Amino acid sequence: MVDYGIEYWGKDDFIIEDGQVKVNYKSKPALINIVKQVREEGYRGPLLVRFPHLMKKQVEKIFTSFENSIKEYHYKGKFKAVFPIKVNHYPNFILPLMENTTHRCYGLEAGSKSELIIAMAYTNDNAPITVNGFKDKEMISLGFIAAKMGHDITLTIEGLNELETIIEVAKTLGKPYPKIGLRIRLHSTGIGIWAKSGGINSKFGLTASELVEAISLLRKNDLLNKFTMIHFHIGSQISDISPLKKALREAGNIYAELRKMGAKNLNNVNIGGGLAVEYAQHENQQNRNYTLAEFSGDVVFTLKEIAKNKKEPEPNIFIESGRYVSASHAVLIAPVLELFSQDYDEKSLHLKDKNPPLVEELVDLYNTINERYAIEYLHDSLEHMESLLTLFDLGYIDLQDRSNTEVLVHLIIKKVIKTLKHKNHSDIIRIQEQVQERYLLNCSFFQSLPDYWGLEQKFPVIPLDRLNRRPTRSASLWDITCDSDGEVAFDKNAPLFLHDIDINQEEYFVGFFLVGAYQEVLGMRHNLFTHPTEFSVVFDEEEGGYKIENLLESQTILDVLEDLDYDTKEIERSLKQRLEDSKEISEDAKKEVLGQLYIMLSENGYLRTVFKNGGEKS
């Protein structure tokens, strides 16, 4: 059985049993069966599957870990958390998240007016709201309205001008006021591509001199008692715990100094996000060097020691770890449409009565391959192909000879791989880097995996079934966009192997895991491919069965065009008129063609193809 590194990234959320990927919860349904159930109802193309129980699980893990650390170190502050809406703002994520965390002090973080409206509408009673990012007078006024609605809201100041606006709005709208937080600009930085979130030159936060001035402004305007939080963030996906510990020491000392300056209601330290997700599915390629228990322990211990040394109370601890909460809850499942080398089979051979000598040698190599000489024959066939392609360029062989060359070499490759499939041969890995199978997937990486394209973020990839059979084809994955960047290329350092199947006779599905953070939010409509059909798998907590909820079908072609501000009625009229004016179609056929056209406009843009035996796939 091949496990595709599920022990590294799966966290026991998913397991492999009976050759299938299964949800490790309650009745343990197989993902392939969930997919088939939805497809039997007529939904085609890629699918985004949500598991709300995994949202709850991640929140519980964070709270339990911090509560254990607080108990271990006899810490007197409390632990609270918020989810940054920017990580996944869709209702089929946010609403179940809030429903599943009513018993926790778990709220939402907003970075825009629209996000703040969501937070005001859906944050649970007695749970916090924090507001980060640049704010104008209208957004600050929204924060005051939230306070008047009874929300525990903190407006985190990114610059002194925002503080001055708060003072202005306070005079107009009056009490109750929202709480005030100050984002501090640390010298400490994280590591990796998000390190610029921290450091003295970061985009956000107040310098030491600005902090001193902020305290003076607050005191002068009788608002110092509303200053309750400092906030910092050293970057997403913190892979090494050391930079965080350094930042905590710096922030802890700032906390103590601000209290000594008179900010006696300052009792919260918000450490931002950054708790890393393990995306690796190969040994020795892990993304982080710490556990959740180590993370929480270091945070609690460091703040306790600073508070003790500075003789100040131990602050409440806030975190905003959105990626850690959301990533695991969603799986993108894409059907395979084509294996490109499957055109190369014996039926495609059209040998002549007299073939070029090197072609005859390829035929002989193919017919006589055995385990002992398999690698040698493979090397010979690749050399022969290079020679024959050169001969074609020089005009010494014709197109039929070239076609036979390509077919024979692919047949030899497949036969060698099959012959040696039970061996881990370094030459096979090296050669397959050059001759990997290309799997065409019915999805758009730009729409559903934008971080792969934009940041080279790797996501765990695994077929949904046949996992009791060893995969033999080194794989690169192509999406259906007309862009060469729409490819997950084969990587010899982190190789992906898939099964050699006859796609015209059987369906094959590939799952991309840990895609619940940022991918939907950042997805782009390259080629006007829209979001996949999505649904949630909700388990009955007593009986253990599951049901499909919140099914949202992928947008139709007309919906997409309308979203882009095209006049879809005008498009329909234009198409109808052009069809009526056409002299290439008979009058009797025009009505039928128009009907077909309307059907196409009412479907999504993903591909619909058929098996050679007549069945439908997509």
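The values are calculated or read from the model by the stated rules, or taken from the named source; none is laboratory data. Keep in mind that what you see is a predicted model, and the values were worked out from it rather than measured. FYI the Cβ positions are ideal-geometry reconstructions off the backbone, even for glycines, and counts take in every protein chain you see. In case anyone asks, the SASA skips ligands and DNA or RNA and just uses the protein heavy atoms, side chains included. Shrake-Rupley method; radii C 1.70, N 1.55, O 1.52, S 1.80 Å.
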### Message
Show me, bin by bin at 5 Å from 0, the whole-percent P(r) of segment 19-98 based on Cα pairs.
### Response
3, 11, 16, 15, 16, 15, 10, 6, 4, 3, 1, 0
### Query
With every protein chain kept in the model, how would you rank Glu278, Glu305 by accessible area, 1.4 Å probe, largest at the top?
Glu305, Glu278
### Solvent-accessible area per residue, Å², over the chain with all protein chains present [probe radius 1.4 Å]
46
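Quick one: ranking His103, His233, His89, His499 by accessible area, 1.4 Å probe, largest first, what do you get?
Largest accessible area first, the residues go His103, His89, His233, His499.
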### Query
Based on Cα positions only, what radius of gyration and what Dmax would you give for segment 489-564, in angstroms?
17.5, 46
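Rg/Rh for segment 444-532: what does it come to with C-alpha atoms and Rh from Kirkwood?
On the way: Rg = 13.7 Å, Rh = 14.2 Å.
Over the Cα atoms of segment 444-532, Rg/Rh equals 0.97.
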### Query
Among 369-379, 400-410, 307-317, what's the highest-first ranking by average C-beta atoms within 10 angstrom per residue?
400-410, 307-317, 369-379
### Task
Could you check what % of the DSSP bridge pairs in the chain are antiparallel, to the nearest 5?
45
### Task
Between the alpha-carbon centers of segment 527-543 and segment 316-343, tell me the distance in whole angstrom.
13
### Message
Accessible area of the chain with a 1.4 Å probe: how many percent of it is carbon plus sulfur?
### Response
48
### Accessible area of Thr368 in the full protein assembly, 1.4 Å probe (Å², nearest 10)
60
### Task
Write down Rg/Rh for the chain, rounded to two decimals, with Rg from the C-alpha atoms and Rh from the Kirkwood relation over Cα pairs.
1.06
### Cross-link pairs beyond the 32 Å C-alpha cut-off, checked among Lys179/Lys246; Lys57/Lys311; Lys175/Lys304; Lys61/Lys246; Lys86/Lys311; Lys76/Lys547
Lys57/Lys311; Lys175/Lys304; Lys86/Lys311; Lys76/Lys547
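How would you order 548-560, 347-359 from highest to lowest mean count of nearby Cβ atoms within 10 Å?
Order by mean packing, descending: 548-560, 347-359.
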### Task
Return P(r) of segment 1-58 (all Cα-Cα pairs; 10 Å bins starting at 0; whole %; ordered from short to long distances).
20, 48, 29, 2
#### Entry: Cβ-derived FRET efficiency at R0 51 Å, Ile599 paired with Asn265, nearest 0.05
0.20
### Message
Given the C-alpha atoms of segment 466-618, compute the convex hull and give its volume per residue in Å³.
### Response
225
### Counted charge near Leu31, where neighbours are those whose Cβ lies closer than 9 Å (Asp, Glu -1; Lys, Arg +1)
0
### Message
Ordering Tyr73, Tyr4 by accessible area with a probe of 1.4 Å, largest first, what comes out?
### Response
Tyr73, Tyr4
### Task
Using only Cα atoms, find the angle between the long axis of helix 52-72 and the longest principal axis of the chain, and express it within 0 to 90 degrees, rounded to the nearest 10.
50
### Summary
Measure of exposure for Asp393: accessible area at 1.4 Å probe, Å² rounded to 10, is 120
### Message
Given points 7 Å out from each Cα along the Cα-Cβ axis, report the Asp353 to Phe392 separation in nanometres with one decimal.
### Response
2.5
### Message
Compute the angle between helix 208-220 and the longest alpha-carbon principal axis of the chain, please, reported from 0 to 90 degrees and rounded to the nearest 10.
### Response
50
#### Entry: Highest average packing first - 513-522, 169-178, Cβ atoms within 10 Å
513-522, 169-178
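Determine the shape class of segment 213-296: with a ≥ b ≥ c the square roots of the Cα gyration tensor eigenvalues, call it rounded for a/c under 1.5, and otherwise prolate if a/b is greater than b/c, oblate otherwise.
It comes out prolate by the Cα gyration axes.
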### Query
FRET efficiency for Lys71 and Gln37, Cβ-Cβ distance as r, R0 = 45 Å, nearest 0.05?
0.55
### Query
Just the Cα atoms of segment 297-419, one point each, no solvent: what log10 I(q)/I(0) does Debye give at q = 0.10, 0.11, 0.12, 0.13 Å⁻¹?
-0.51, -0.54, -0.59, -0.65
### Query
What accessible area, in Å² to the nearest ten, does a 1.4 Å probe give for Lys569?
130
### Message
Taking 2.2 N^0.38 Å as the expected size of a compact globular protein, what ratio does the Cα radius of gyration of segment 232-370 give against it, to two decimals?
### Response
2.08
### Task
With N set to the residue count of segment 105-183, report its C-alpha Rg divided by 2.2 N^0.38 Å to two decimal places.
0.97
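Between Glu562 and Arg525, what length in nm is gained on full extension when 0.36 nm per residue of separation is reduced by their alpha carbon distance?
Details: separation 37, 0.36 × 37 = 13.32 nm, distance 1.32 nm.
Roughly 12.0 nm would be gained on extension.
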### Message
Can you give me the C-alpha center-to-center distance between segment 351-381 and segment 447-461, rounded to a whole angstrom?
### Response
40
